[in-house]
Structure formats: C-alpha cells, structure tokens
1. Being surrounded by fewer than 17 Cβ atoms within 10 Å (Cβ to Cβ), closer than 21 Å to Glu107 by Cα, aliphatic (A, V, I, L, M) and within 14 Å of the chain's Cα centre (by Cα) is true for just one of Ala19, Ala39. Which residue is that?
2. With the requirement that a residue be at pLDDT 90 or above and either closer than 18 Å to Ser81 by Cβ or part of a loop (DSSP other than H, G, I, E, B) (or both), what does segment 33-44 give you?
3. Which residues, taken from segment 47-93, are surrounded by fewer than 16 Cβ atoms within 10 Å (Cβ to Cβ), hydrophobic (A, V, I, L, M, F, W, C) and touching a helix residue (DSSP H, G or I) at 6+ places or on another chain (Cβ under 8 Å)?
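The values are calculated or read from the model by the stated rules, or taken from the named source; none is laboratory data. Everything numeric in this text was worked out from a predicted model, so none of it was measured. For neighbour counting, all protein chains shown are included, and Cβ atoms are generated from backbone atoms with ideal geometry for every residue, glycine included.
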Amino acid sequence: MTHFCALEYRAEELNGPSALEQVIILFLRNNIGALRVFAHRDWRTIVQPRDQEYIQDILGDFTERAESAPDALFKQVSSLSVGPLTTYAVGTGIDLKANLNLLDICEKMVDLSQNEPLV
C-alpha cells in the first residue's frame, strides 16, 4: 500500500493553524519501500527569502536520502514538529485520494527523483 507524508512551510512569525496552501513537500512511499520526493513548483513564492537557501539544501538532502535511507527518512519526516518544515499530514494512498484539497496541491508538485528542475 502507498503511504504519503506532506510537509508544510511554517515561517517563524506565523504560529497559527496549519495551512494547506503552505504544503511545499510531499513524500510518496510505495508498497516495496521506494520513496519519491515532490516539491511545490512555486515553493520560492511560498517560502520567505531568508529560508530559501535552507529549503533548497534540505530538498537536495531529502532527494539523496530517499535513495540511500528511504525508511529512516520517511519515519523522520512523518513527525516533524519544529522548525520551518513541519508535518502537515501522513496517511495511506486511500487517505490522499479522499482528501481533494491535498490532491489539488499534488498537481502543483514536481517529482525531484526525476531530476526535474526546482525553478
């Protein structure tokens, strides 16, 4: 069964409730454990300038670790609660398909495992 994890960007001064429009990274893990990393194609318009270099670096790290340590990475990102990236939602492919708003965000994602440009 496919599992997903969606991460949202939380600017330091924005301490309000989670916001779907802040979801910038999505992980999909298939039934054999392969992990794919997706990023919102317009993440730079969502992320504040002071955090953009950090997000760029972490996306590179996530992409590398998705290949070398997919289980550990998925476990880690499934419970992020501090910092500029926090876990927005975790579930199965069935949960993802049932959440139409999250599916809309998926259409704005670029598959980083396919080496597509982030810009």
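1. Residue meeting the stated conditions: Ala19.
2. Hits for segment 33-44 are Ala34, Arg41, Asp42.
3. Answer for segment 47-93, where residues must be surrounded by fewer than 16 Cβ atoms within 10 Å (Cβ to Cβ), hydrophobic (A, V, I, L, M, F, W, C) and touching a helix residue (DSSP H, G or I) at 6+ places or on another chain (Cβ under 8 Å): just Ala72.
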